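Only one structure is covered here, and it is reproduced in the block below.
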Amino acid sequence: MKIALIGYGKMGKMIEQIARERGHEIVSIIDIENQQDFDSPQFQSADVAIEFTAPQAAYGNYLKAFSHGVKVVSGSTGWMKDHGDDVRRMCCEEGQTLFWASNFSIGVAIFSAVNRYLAKIMNQFPQYDVEMEETHHVHKLDHPSGTAITLADEIVERIDRKEAWAEETTDPKMLRVDHIRRGEVAGIHTVRYDSDADIITITHDAHSRKGFALGAVLAAEYTKDHQGLLTISDMFKF
Ligand SMILES: NC(=O)C1=CN([C@@H]2O[C@H](COP(=O)(O)OP(=O)(O)OC[C@H]3O[C@@H](n4cnc5c(N)ncnc54)[C@H](OP(=O)(O)O)[C@@H]3O)[C@@H](O)[C@H]2O)C=CC1
Ligand SMILES: O=C(O)C1=N[C@H](C(=O)O)C[C@H](O)C1
């Protein structure tokens, strides 16, 4: 299939390599200095554009791709709070297509299923308090990570004694989410349930960005034949 890349940083470059290995054609690469290429016939010929840029850039890129009728797969984080409602309307009511996931790795999809199951059990055991921690490289612009927000939302939806998640809180009704920035860490997410008797911890630790990049290419293959607002649970059913 024909793929356009929007954002040619750490993720864009790894996605290019995996997409070519899987036999796809990269028809256009748009970075910060060639924004005019959104109007090029090459970009407009793409079956899907894969977008990994930055919190402040993602929404504008979706609008440009949508204006040319190009479907988008995006992993950019940190834009949802400001633009989530708009994007949902465009995809659910106005015929645009966005596959968005806070984390594209298959491992995190599995981890998320375990997280949901564990939270459901823990709703019956108030002696356990729950908290989360994410660690990423020092270049990361947003916190907490998109993945941590998704995991925290899953817990809050299932544990009645937690009303919402928050950073730097000591309120027992809030799920505390901490972030650490260190070196070149690809991404570590930990959920910890602590009681007087013991502690139960689950962790996903990405060895590199390869898993995220492969997942994004698999999502592009899926998106070619689907429409609307799509995410990981549409692609992997378990
Ligand atoms: N969902 C997932 O699985 C994953 C999500 N991410 C998220 O993806 C995003 C990108 O990550 P990563 O590749 O590591 O970051 P990088 O900073 O390495 O790359 C981002 C690239 O986008 C470029 N860029 C910035 N603004 C625009 C714009 N308006 N149009 C086109 N290109 C632009 C940057 O250019 P310049 O350097 O010149 O600013 C840079 O080349 C982040 O939000 C990150 O959180 C990351 C990994 C996995
Ligand atoms: O910025 C990153 O690097 C990552 N961002 C995503 C997030 O915010 O959760 C996914 C992954 O953890 C890497």
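The values are calculated or read from the model by the stated rules, or taken from the named source; none is laboratory data. Since we're looking at a predicted model, the values are computed, not measured. Heads up, the Cβs are rebuilt from the backbone with ideal geometry, glycines too, and the neighbour counts pull from every protein chain shown. Heavy atoms of the whole protein, side chains included, go into the accessibility calculation; ligands, DNA and RNA do not. Shrake-Rupley method; radii C 1.70, N 1.55, O 1.52, S 1.80 Å.
If we scan the range 31-45, do we find a residue that is surrounded by 13 or more Cβ atoms within 10 Å (Cβ to Cβ) and within 16 Å of the chain's Cα centre (by Cα)?
Scanning the range 31-45, I find no residue that is surrounded by 13 or more Cβ atoms within 10 Å (Cβ to Cβ) and within 16 Å of the chain's Cα centre (by Cα), so the answer is no.
Can you tell me which of M14, M1 is open to solvent by 10 Å² or more (accessible area, probe 1.4 Å), within 14 Å of ligand 1 (Cβ to nearest atom) and of a type in the set (A, V, I, L, M, F, W, C)?
After applying the criteria, what remains is M14.
For the range 111-143, which residues satisfy the criterion of being of a type in the set (A, V, I, L, M, F, W, C), more than 16 Å from ligand 2 (Cβ to nearest atom), closer than 26 Å to T77 by Cβ and exposed (fewer than 14 other Cβ atoms within 10 Å of the Cβ)?
Of everything in the range 111-143, just one residue is of a type in the set (A, V, I, L, M, F, W, C), more than 16 Å from ligand 2 (Cβ to nearest atom), closer than 26 Å to T77 by Cβ and exposed (fewer than 14 other Cβ atoms within 10 Å of the Cβ), namely V114.
Could you please give the count of residues in the range 58-85 that are over 15 Å from the mean Cα position of the chain (by Cα) and among the polar types (S, T, N, Q)?
Total satisfying the criteria: 2.
Can you say whether A186 is among the small types (G, A, S), out of contact with any Pro (no Cβ under 9 Å at 6 or more places or on another chain), more than 18 Å from Q124 (Cα to Cα) and within 12 Å of ligand 2 (Cβ to nearest atom), as far as the supplied structure shows?
Against the criterion (among the small types (G, A, S), out of contact with any Pro (no Cβ under 9 Å at 6 or more places or on another chain), more than 18 Å from Q124 (Cα to Cα) and within 12 Å of ligand 2 (Cβ to nearest atom)), A186 qualifies.
Within the range 46-65, can one find any residue that is open to solvent by 80 Å² or more (accessible area, probe 1.4 Å) and hydrophobic (A, V, I, L, M, F, W, C)?
no
Which number in (1) within 16 Å of ligand 1 (Cβ to nearest atom); (2) open to solvent by less than 30 Å² (accessible area, probe 1.4 Å) marks the one condition that T150 misses?
(2)
Within the range 49-68, which residues are of a type in the set (V, I, T) and either within 20 Å of Y222 (Cβ to Cβ) or away from ligand 2 (no atom under 16 Å from the Cβ) (or both)?
I50
Does any residue of the range 201-218 turn out to be at negative phi, more than 14 Å from ligand 2 (Cβ to nearest atom) and touching a Leu at 6+ places or on another chain (Cβ under 9 Å)?
Yes.
Name the residues in the range 175-194 that are open to solvent by 70 Å² or more (accessible area, probe 1.4 Å), of a type in the set (K, R) and assigned to a strand (DSSP E or B), would you?
R176
Being away from ligand 2 (no atom under 14 Å from the Cβ) and touching a strand residue (DSSP E or B) at 6+ places or on another chain (Cβ under 7 Å) is the filter here, so list the residues in the range 144-164 that pass it.
I155, V156, I159, K162, E163, A164
Within the group A197, A148, which residue is in contact (Cβ under 8 Å) with a residue 40 or more places away in the chain, part of a loop (DSSP other than H, G, I, E, B) and among the small types (G, A, S)?
Step by step, each of A197, A148 is checked, and only A197 is in contact (Cβ under 8 Å) with a residue 40 or more places away in the chain, part of a loop (DSSP other than H, G, I, E, B) and among the small types (G, A, S).
Look through Y117, Y62 and report the one residue that is more than 30 Å from I200 (Cβ to Cβ) and without any contact (Cβ under 8 Å) to a residue 40 or more places away in the chain.
So the residue among Y117, Y62 that is more than 30 Å from I200 (Cβ to Cβ) and without any contact (Cβ under 8 Å) to a residue 40 or more places away in the chain is Y62.
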